[in-house]
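Asks: Take this structure, written in structure tokens, and hold onto it; I'll ask about it next.
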Amino acid sequence: MSDESQEAFEVTDSFERFAQKNDVFRRSWWDDRIRSDKARAFYENYREPLETWRKADGFTQKDYALRNATWHVSDIFTEMKQDEDRREGFSDAFTLYRDVASEKTLFSSPEEAAAEIKRVAKGFGASLTGITDNDPRWLYTEKFSDMSGTARPNDIPQELSNVIVTAQAMDYDLIRTVPSALSGAATGLGYSHDALVVLSTAQYIRNLGYNAIASMNDSSLAVPLAIKAGLGEYGRLGLLVTKEYGPRVRLGKIYTDMPLAHDSPIQIGVKKFCDVCRKCAESCPVGAISPDEASTERYNQSNVKGVKKWSVDGEKCFGYWAAQNSDCSICIRVCPFNKDYSKWYNRLGIRLAGTFLRRFMLFLDNRLGYGVRMKPKTWWETRRG
């Protein structure tokens, strides 16, 4: 990592690469510390109707119906090759492509090629796109199948030396309804849009005569690559924080041998702001986010070893997801960087966050009521006719 990005994310001498088996979601399939009837029901209710519906606002049949519909496109790809013990996009990279063209389209420079790819990715719907090297530190040491419970080698070829990192913005108002099943629609839309973007962009590259493999949650850790690709900084809540959307993004990756110019890490003041802001830690209902300074402390095996950063207790976090039968993004909702940046005054606010006036920006954020939950019924009412 560059010196700029090491403020909140520093790789130490004790660093060890991460095995996909230890991802908290993979552990929920095999580790008795996390695996439970609630965890199984959590996964099942994304595809099968619940036996009963809750009367609570945001957890009605209509809320679950919308959430599950937004996941449908992503689910089709994930389930398409399950008979081959593959869950593409989550445990495995995508394999649904046409062949690489026999003739290569040449560009005058890696810079020209990179600009072309960013333009195409944006056309397919990417909110942000950055490019970096395929840093082996962040590739999983091995993959893990949820279905068969077996580990196998990571199948990303070493010759795919570049990584295109995409970010999909999640819907601002849907995130405001967290915690609710309705808010999960923002996540599902992010993944379904991401599948379209990375698959289409990878196929475009293959049509140009270069190899490309599209990826979502599989194959490697996405946040370190996104930081290297200049999409944002690391925040206290354990997520990438961008200047355009705050932490309200889903990340995708495309590995390729196409010669591409790399982007550089950026600095927008996230580390110094998070040092004085603890809204995510204070708002987490299960205390999964550290209120302390960045460190190499690991809560459990789902944290990377040897990286000095703010870590999240994935066991507590997933336990809350399973208990409420939907994913949770309270930390994203309350983050002062989570704003609608089409408004000029919010763009001014993020500038203040990167200066010595950051405490004043935090005061304004609290005073003006940003991060307060929107009632899910209000979301439905504002979208009528």
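Asks: Taking the stretch 122-170 as the region of interest, how many residues are in a loop (DSSP other than H, G, I, E, B) and buried (at least 24 other Cβ atoms within 10 Å of the Cβ)?
Replies: 2
Asks: Taking residue 122 as the residue in question, decide whether it is free of Cβ contacts under 8 Å to residues at least 12 places away in the same chain, on the phi < 0 side of the Ramachandran plot, in contact with a strand residue (DSSP E or B) (Cβ under 9 Å, 6 or more places away or on another chain) and of a type in the set (D, E, K, R).
Replies: yes
Asks: Quick one: which helices (runs of 4 or more DSSP H) lie wholly within the stretch 213-306 and hold at least 1 residues that are under 30 Å from residue 107 (Cα atoms)?
Replies: 222-228
Asks: Just checking, does the stretch 264-271 include any residue being surrounded by 24 or more Cβ atoms within 10 Å (Cβ to Cβ) and hydrophobic (A, V, I, L, M, F, W, C)?
Replies: Looking for residues that are surrounded by 24 or more Cβ atoms within 10 Å (Cβ to Cβ) and hydrophobic (A, V, I, L, M, F, W, C), one finds at least one in the stretch 264-271, hence yes.
Asks: What's the number of the only condition in (1) surrounded by fewer than 17 Cβ atoms within 10 Å (Cβ to Cβ); (2) over 30 Å from residue 50 (Cβ atoms); (3) of a type in the set (Gly, Ala, Ser) that residue 69 fails to meet?
Replies: Exception for residue 69: condition (2).
Asks: What number of residues within the stretch 345-365 are within 26 Å of the chain's Cα centre (by Cα) and without any contact (Cβ under 8 Å) to a residue 24 or more places away in the chain?
Replies: Residues meeting the conditions: 6.
Residue-by-condition table, conditions (1) more than 18 Å from residue 252 (Cα to Cα); (2) in contact with a helix residue (DSSP H, G or I) (Cβ under 8 Å, 6 or more places away or on another chain); (3) at pLDDT 95 or above:
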| residue | (1), (2), (3) |
| --- | --- |
| 64 | yes, no, no |
| 82 | yes, no, no |
| 104 | yes, no, yes |
| 111 | yes, no, yes |
| 122 | no, no, yes |
| 136 | no, no, yes |
| 139 | no, no, yes |
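Asks: Further question: Just one of 202, 281 is among the aliphatic types (A, V, I, L, M), modelled with pLDDT of 95 or more and buried (at least 24 other Cβ atoms within 10 Å of the Cβ); which is it?
Replies: The conditions single out 202.
The values are calculated or read from the model by the stated rules, or taken from the named source; none is laboratory data. All of these numbers come straight from a predicted model, not from anything done at the bench. Cβ sites come from the backbone with ideal geometry, for glycine too, and all protein chains shown count toward neighbours.
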